[in-house]
1. One residue is enough: does the stretch 213-230 have a residue meeting the conditions open to solvent by less than 50 Å² (accessible area, probe 1.4 Å), touching a Gly at 6+ places or on another chain (Cβ under 6 Å), of a type outside the set (Ser, Thr, Tyr) and at pLDDT 90 or above?
2. Taking TYR57, is it open to solvent by 20 Å² or more (accessible area, probe 1.4 Å) and touching a residue at least 60 places away in the same chain (Cβ under 8 Å)?
3. Quick one: in the stretch 189-209, of everything that is among the small types (Gly, Ala, Ser) and modelled with pLDDT under 95, which residue is farthest from TRP164 (Cα to Cα)?
4. Tell me, please, whether a residue that is at pLDDT 95 or above, charged (D, E, K, R) and either open to solvent by less than 70 Å² (accessible area, probe 1.4 Å) or in contact with a strand residue (DSSP E or B) (Cβ under 8 Å, 6 or more places away or on another chain) (or both) can be found in the stretch 161-184.
5. Considering only the stretch 185-204, state which residues are surrounded by 14 or more Cβ atoms within 10 Å (Cβ to Cβ) and part of a helix (DSSP H, G or I).
6. Of everything in the stretch 147-160 that's open to solvent by 60 Å² or more (accessible area, probe 1.4 Å) and either among the polar types (S, T, N, Q) or without any contact (Cβ under 8 Å) to a residue 12 or more places away in the chain (or both), which residue is nearest to TYR61 (Cα to Cα)?
7. When you look at THR90, is it in contact with a helix residue (DSSP H, G or I) (Cβ under 9 Å, 6 or more places away or on another chain), under 30 Å from VAL217 (Cβ atoms) and either modelled with pLDDT under 90 or of a type in the set (S, T, N, Q) (or both), yes or no?
8. Could you tell me whether GLU49 is in contact (Cβ under 8 Å) with a residue 12 or more places away in the chain and charged (D, E, K, R)?
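The values are calculated or read from the model by the stated rules, or taken from the named source; none is laboratory data. Here the structure is a predicted model, which means the values were calculated and not measured. As a convention, Cβ positions derive from the backbone with ideal geometry for all residues, glycine included, and neighbour counts pool all protein chains shown. Just the protein is used for accessible areas: all its heavy atoms, side chains included, with ligands, DNA and RNA removed. Shrake-Rupley method; radii C 1.70, N 1.55, O 1.52, S 1.80 Å.
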Amino acid sequence: MTAATPIQKVRSTYDSKEEQRMSKKSEEERIAEFEVDSSGTLTMADYWEPKIRSEFYESVYESWAESPAHLADAMDECEPLAWAVHSIYTEVRDEIQAALDEIRETSGAFKKRTAALKARLKAMPEEPEDGVEDWLLSLTTNEFEDRIVPEVEEWFSSPPNWNWEDDHLPRDGTAQGAALEFFQNLGSDALDTLGVTIVEGEHPGSTYYAAELTCDVDAANKAAANAVIPVRFKNRKG
């Protein structure tokens, strides 16, 4: 067998070190990192969080403004959006009723306007669920674009109301939710080893769902390394 030349030995050593470096880099990339706050709540580190409804409800945001029919379809898919449009429907109905009341105070003048307002009110049942779709589809393009589109766009541009919309928002839409989903899928033995518990509501009606670390960060990291669990923890700054 021909002995390796010095250059070959150098290349072999270099290749071996490069493989080790790449292997270590690949292992680091597979490790999931989590931040721990002062109460033990875990959040996925460096996790991008949606802030406003258009980011949470992407599937319906793209096309709802094209027409009243598109908005009606989006409402079928996204219940919180339906609630928002129901509120607009109620506002419009209340405005018609207020206009009628104002005319009555003028001793019945403006009969044509009164008849028109009564017809509009009759076409709008008091309960939004009973009349909102027919009302939307009856709107002209100008009515839809001038009154409905700006209000719905404002709704999409605002943060969700977590008290009301929590059940409709993706659980992994936040860093805390992503951490919860990760540890829910990890297995009970691994959770015990790491000292992580799953909290699904602190009390009846609570919306607090989270994974919590019940031990020291250093101890948890040591346990993870010893058990070859690709997880690491760090204290949240601030």
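1. Among the residues of the stretch 213-230, at least one is open to solvent by less than 50 Å² (accessible area, probe 1.4 Å), touching a Gly at 6+ places or on another chain (Cβ under 6 Å), of a type outside the set (Ser, Thr, Tyr) and at pLDDT 90 or above, which makes the answer yes.
2. Details: open to solvent by 20 Å² or more (accessible area, probe 1.4 Å): no; touching a residue at least 60 places away in the same chain (Cβ under 8 Å): yes.
So TYR57 does not fit the description; no.
3. Let us first name the residues in the stretch 189-209 that are among the small types (Gly, Ala, Ser), namely 190, 195, 201, 205-206.
Subsequent filtering for residues that are modelled with pLDDT under 95 retains 201, 205-206.
On the way: GLY201: 15, GLY205: 12, SER206: 12 Å.
Top of the filtered list is GLY201.
4. So far as the stretch 161-184 goes, no, none of its residues is at pLDDT 95 or above, charged (D, E, K, R) and either open to solvent by less than 70 Å² (accessible area, probe 1.4 Å) or in contact with a strand residue (DSSP E or B) (Cβ under 8 Å, 6 or more places away or on another chain) (or both).
5. Of the stretch 185-204, the ones surrounded by 14 or more Cβ atoms within 10 Å (Cβ to Cβ) are 186, 190-191, 193-199.
Across the stretch 185-204, the qualifying residues are ALA190, LEU191, THR193, LEU194.
6. SER157
7. Values: in contact with a helix residue (DSSP H, G or I) (Cβ under 9 Å, 6 or more places away or on another chain): yes; under 30 Å from VAL217 (Cβ atoms): no; either modelled with pLDDT under 90 or of a type in the set (S, T, N, Q) (or both): yes.
It is false that THR90 is in contact with a helix residue (DSSP H, G or I) (Cβ under 9 Å, 6 or more places away or on another chain), under 30 Å from VAL217 (Cβ atoms) and either modelled with pLDDT under 90 or of a type in the set (S, T, N, Q) (or both).
8. Working: in contact (Cβ under 8 Å) with a residue 12 or more places away in the chain: yes; charged (D, E, K, R): yes.
So GLU49 passes the test.
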